[in-house]
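The following block contains the structure, expressed as structure tokens.
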Amino acid sequence: MILVTVGTEQYGFDRLMSWITILMRHGLIQEQVIVQYGASKRLPSNAIVHKTVPIDRFTDLIQQARLVISHCGEGSLFMLEEIGTPYILVPRSVRFQEHVDDHQVELAIALSSIGIGIAWSPGDLVRFITAAELIESKPFSMDSAQALCYQLSLDSERFASAQLSKSAA
């Protein structure tokens, strides 16, 4: 079973829902899919869908899943790391009106630099879905955590500089 979760943001994540729909329609996902869709409007027709899932049930679903496809929220990331089920993160983007800013994109860039699987396209999802057993879910080492913090600080500095440049122009 594949679990797809988008969190409980007030913004939908229809881009991810469309990707899942396409992959199911074309037989690239052939197993049961359970979707926690939040505020999304487009829902995969052959999936079991839930707007929200109580935390104890959600934890059970993560433990039962072969793979979790999740938005790139910090809370979800920490839960997935703790439980240890293989996962792929898909960052929400302000460009698609999926969030108020691009902090998930920034986090995804930093996480990818330490080997966490990030899907930027439906093709990335296909690659990860077909090789989920190769995804290692292991706790962050101190070195990985420090590298992540360093990357996030660099990204924050670049973002702040870009914002200053925009406002000066």
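Give a residue-ordered list of calculated ³J(HN,Hα) values for segment 36-48 (Karplus: 6.51 cos²θ - 1.76 cosθ + 1.60, θ = phi - 60°; whole Hz; x for Gly, Pro).
9, 9, x, 9, 5, 9, 8, 10, x, 5, 9, 9, 7
By how many nm would the segment from Glu74 to Ile48 lengthen if fully extended, with 0.36 nm per residue of separation less the alpha-carbon distance? Before the final figure, lay out the partial values.
Working: separation 26, 0.36 × 26 = 9.36 nm, distance 2.47 nm.
Full-extension gain reported as 6.9 nm.
Mean projection of the alpha-carbon convex hull of segment 1-145 over all orientations, in nm²?
7.9 nm²
Now a separate question. Taking K and R as +1 and D and E as -1, what net charge do the other residues with C-beta under 14 Å from the C-beta of Trp19 add up to? It would help to have the intermediate numbers written out before the result.
Values: positive: Arg15, Arg25, Arg42, Arg92, Arg127; negative: Asp14, Glu98, Asp124.
Computed value for this residue: +2.
Would any residue of segment 80-111 have its amide N under 20 Å from a label point 7 Å out along Cα→Cβ of Asp56? List them or say none.
Output list for this probe position: 80, 83.
At q = 0.12, 0.17, 0.20, 0.26 Å⁻¹, what log₁₀ I(q)/I(0) does a Debye calculation on the Cα points of segment 1-77 give, no solvent, two decimals?
-0.28, -0.58, -0.82, -1.38
Read-outs: derived from the displayed coordinates by stated rules, not from any lab. For clarity, every value in this text was computed on a predicted model and none was experimentally measured. All Cβ positions, even for glycine, are placed from backbone atoms using ideal geometry, and neighbour counts span all protein chains on display.
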